[in-house]
Amino acid sequence: MSAGFDIITIFPEMFSAYLGESILKRAIQKGLLDVKLFNLRDFTVDKHRSVDDCPYGGGSGMVLKIEPIYNALKAIKADGQQRLTLLMSPQGSQYTQKTAELLAHESRRMVFICGRYEGIDERVRESLVDEEFSIGDYVLTGGELAALVIIDSIARLIPGVLGDDDSVKEESFSWGLLDYPHYTRPPEFMGMRVPEVLLSGNHKEIWRSRRREALRKTLLKRPDLLEKACLDREDREILKELCSDRYVTKGREEEDESDTRS
Ligand code: ADE
């Protein structure tokens, strides 16, 4: 399994920095990811190499033109390979971990069109794009960061990209929950102790405790996620228990302490 990305942008250097470091750099070297950058200006036809123009009907700001994007896509697709064309925009559908999982299984190369300026000619959306994605309800200065976020989240799901594939399987976001708390040495720092269960070596209990903490965090911070999470009967029972204020608002450690005090 590997993934191929073609990126259309007016700022290709923005990608070189991020893709040239750490995990993604190694994944590219290993051939697990293939990324090609296309500078939109190279596909303009006028002598000023304009990628944008004033909006019809007036108004402030510039609009990305359709012709250079059309030309870039035509050049990219000239090799005859199947491709999925994605537009980065705050008006797109919400990109989530579920989308990342679906795209990680995509056999086609993915083309990312990075919007800029006030907007993009609507005809790009209507005729050149398969999917339009937003990475959140805020407006960035362009789609480059959004494309990097999406590429990063897909890349780490490709087997071999992360050193330890179990870290993907185990992370609670893939169960639809927030992550459980993590600890490392020392076991006590300035009076703050690591929960005893994690030092016990009892893997079954450790797993149950982590699952419970993931449920507790999700209930507290993102209860909306619980509606779509994959929960079994035991989870539902834990949730029922957590729903009493006493458990939700306090961590297990504090709870244990107050029990021993009383
Ligand atoms: N371009 C500008 N803002 C964006 C967002 N939130 N998501 C995707 N692309 C964008």
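The values are calculated or read from the model by the stated rules, or taken from the named source; none is laboratory data. Worth saying up front: this structure is predicted, and the values here are computed from it rather than measured. When we count neighbours, we look across all protein chains shown, and the Cβ atoms used for this are built from the backbone with ideal geometry, even at glycine. SASA here: full protein model, heavy atoms, side chains in, ligands and nucleic acids out. Shrake-Rupley method; radii C 1.70, N 1.55, O 1.52, S 1.80 Å.
Details
- Loop sites in segment 161-221: trypsin sites (Lys or Arg not before Pro), DSSP, at most 11 other Cβ within 10 Å: none
- Of all stretches in the chain that contain no chymotrypsin sites (Phe, Trp or Tyr not before Pro) in a DSSP loop with at most 16 other Cβ atoms within 10 Å, the longest one is 184-262.
- In the chain, the calculated helix contribution to ellipticity at 222 nm averages -11000 deg cm²/dmol per residue, counting -39,500 (n - 2.57) for every DSSP H run with n ≥ 4.
- Of all DSSP-defined beta bridges confined to the chain, some 15% are antiparallel rather than parallel.
- 0 to 90° range, to nearest 10: angle between helix 144-155 axis and the chain longest Cα axis: 50 degrees
- Inter-probe distance in nm under a simple model that places probes 7 Å from Cα toward Cβ, at K47 and Y70: 2.4 nm
- H182/R26 FRET efficiency (R0 25 Å; Cβ-Cβ; nearest 0.05): 0.60
- In the chain, the alpha-carbon atoms span a convex hull of 192 Å³ per residue.
- Our note on the geometry: Cα centres of segment 93-169 and segment 1-59, 13 Å apart.
- Loop-located trypsin sites (Lys or Arg not before Pro) in segment 34-100 (DSSP state other than H, G, I, E, B) with a sparse environment of at most 10 neighbouring Cβ atoms within 10 Å: K47.
- Accessible surface of M14, taken over heavy atoms with a 1.4 Å probe and every protein chain present, rounds to 90 Å².
- Extension gain (nm, one decimal) between E234 and M1, 0.36 nm per residue minus Cα-Cα: 80.4 nm
- Taking a ≥ b ≥ c as the square roots of the eigenvalues of the alpha carbon gyration tensor, segment 53-135 is oblate, as a/c is not under 1.5 and a/b does not beat b/c.
- Computed with a 1.4 Å probe over protein heavy atoms only, the accessible area of D46 comes to about 60 Å².
- Residues of the chain: accessible area per residue with a 1.4 Å probe, Å²: 60 Å²
- The magnitude of the dipole of the chain, with charges of +1 and -1 set on the Cβ of Lys/Arg and Asp/Glu and taken from the Cα centre, is near 360 debye.
- Close amide H pairs (under 5 Å, H built 1.01 Å from N) link E132 with L87, S93, residues at least 5 positions away or on another chain.
- Within the chain, longest stretch clear of exposed GluC sites (Glu not before Pro) (DSSP loop, no more than 14 other Cβ within 10 Å): 119-226
- Anisotropy class of segment 74-211 from Cα gyration tensor, a/c 1.5 cut: prolate
- Of all accessible heavy-atom area on segment 11-78, the percent that carbon and sulfur account for (1.4 Å): 55 percent
- Residue among H203, I69, Y56 farthest towards the positive dipole end of the chain, charges placed on Cβ: I69
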